[in-house]
Amino acid sequence: MATSFTRAFKPLIAALALGGLACTAQADDFLAAAKQKVAAATAPVNQWDGPTTGPKAAPGKTLVFVASDMRNGGVLGVSKGVEEAVKLLGWKIRVLDGQGSVQGRTAAFNQAIALKPDGILLGGFDAKEQGSGVQSAGRAGIPVVGWHAAKDAGAVDGLFYNVTTNAQDVADIAALYAVAKSEGKAGVVIFTDSAYSVAIAKSNAMAEVIKRCTGCTLLGVEDTPLADTSNRMPQLTTSLLQRHGAKWTYSLGINDLYFDFIGPTLQAAGGEAKEMKNLSGGDGSASAYQRIRSRRYKAGTVPEPLNLHGWQMVDEANRAMAGEKPSGYSTPVHLVTADNIKNDGGPSNQFDPDNGYRKAYQSIWGR
């Protein structure tokens, strides 16, 4: 009877075995692809892949940079890149600080339009929030270029161009690092802030990558505001350690700020908690670089080339003023770890690619 049972179900057993092999093969392929993408994202950035042609820079132009909040390191970094490029061109630049509030940004934007500049640059806030201002600038013939003013790079939301690295790519590579370095066995908690649409887009993308890793576990997605990380993260970290214990091996955040305050709690917990690897899909703050270099509670960050983005904003504004199309350029994703932190501006705690972007833009502008 046992023999006849085995014989009757032999085709099903074989099919199940083949299915298991197929699943194993798919898992192996996904892990291999993750390792390949991480290797590419951590390689030195030593070749210029941006525009090589465009309009010469006309003399005597004036730009106004409207900042979301000059206390934000990313916004400050981009503004410095803008100022550096403008100085080279002999143009004038005025920086207006929105001081971290909608009302402040509205006032700054209205002031920018009243100054009647040749172009307005938005630093670090959603163009939709200031939609009426963008429209008013358009009616006045003033082109508006954004940085992180929309989720995607390109001519969106009334902007001539929005300068940014693709948020999906940023999120993907942070999650793929966890997959690759854990050999497909990461237990992951993701930190996000639902106040920002780009943050939700990033955390959703991270979660999707972890779900595709058959040997990984998505332990949870924690929605906690960036503005209150100093107060919330220690207690939240303690709660998560009690809930997940040794299963929690990797953390992914949409910003470095989450990990400014997680280290002391992990240190106090001791044991395997001390070995947890934390990665952020965005920012690349000086403190993040320092933690990565010392290998203390930070495995990696996916920074953006802030100074380069400032130069690109000026280039896009120059194209707009010349009546030409935007460049269409979006900087590729780059992952900083302890193994490559010595390259591309790392010794200065920033991502400043060694790809000759300054010379490339100077050549385009005829300088």
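Couple of notes before you dig in:
- Residue list for the range 38-92, restricted to those being among the basic types (Lys, Arg) and surrounded by fewer than 19 Cβ atoms within 10 Å (Cβ to Cβ): Lys56, Arg71, Lys80, Lys87, Lys92
- Selection from the range 174-186 of residues that are surrounded by fewer than 24 Cβ atoms within 10 Å (Cβ to Cβ) and either farther than 19 Å from Ala32 by Cβ or hydrophobic (A, V, I, L, M, F, W, C) (or both): Ala180
- Number of positions in the range 128-173 that are within 30 Å of Ala41 (Cα to Cα), open to solvent by less than 20 Å² (accessible area, probe 1.4 Å) and among the β-branched types (Val, Ile, Thr): 6
- Count - residues of the range 80-111 that are within 16 Å of Met70 (Cα to Cα), in contact with a helix residue (DSSP H, G or I) (Cβ under 9 Å, 6 or more places away or on another chain) and either assigned to a helix (DSSP H, G or I) or in contact (Cβ under 8 Å) with a residue 40 or more places away in the chain (or both): 7
- Residue within the range 308-330 that is assigned to a loop (DSSP other than H, G, I, E, B), modelled with pLDDT of 95 or more, open to solvent by 10 Å² or more (accessible area, probe 1.4 Å) and within 28 Å of Thr192 (Cα to Cα) present: yes
- Selected residue (only one of Ile262, Ile254, Ile210 is at pLDDT 90 or above, in contact with a Cys (Cβ under 8 Å, 6 or more places away or on another chain) and crowded, with 22+ Cβ neighbours inside 10 Å): Ile210
- Residue within the range 347-361 that is part of a strand (DSSP E or B), touching a residue at least 24 places away in the same chain (Cβ under 8 Å) and either buried (at least 17 other Cβ atoms within 10 Å of the Cβ) or of a type outside the set (Lys, Arg) (or both) present: no
- The range 94-127, subset open to solvent by 40 Å² or more (accessible area, probe 1.4 Å) and β-branched (Val, Ile, Thr), residue modelled with the lowest pLDDT: Val102
- When each of Tyr177, Tyr196 is tested for being aromatic (Phe, Trp, Tyr) and modelled with pLDDT of 95 or more, the lone residue that passes is Tyr177.
The values are calculated or read from the model by the stated rules, or taken from the named source; none is laboratory data. What you see is a predicted model; the values in this text were computed from it and never measured. With ideal geometry, Cβ positions are generated from the backbone for all residues, glycine too; neighbour counts draw on all protein chains shown. Keep in mind that these areas ignore ligands, DNA and RNA; they rest on the heavy atoms of the full protein, side chains included. Shrake-Rupley method; radii C 1.70, N 1.55, O 1.52, S 1.80 Å.
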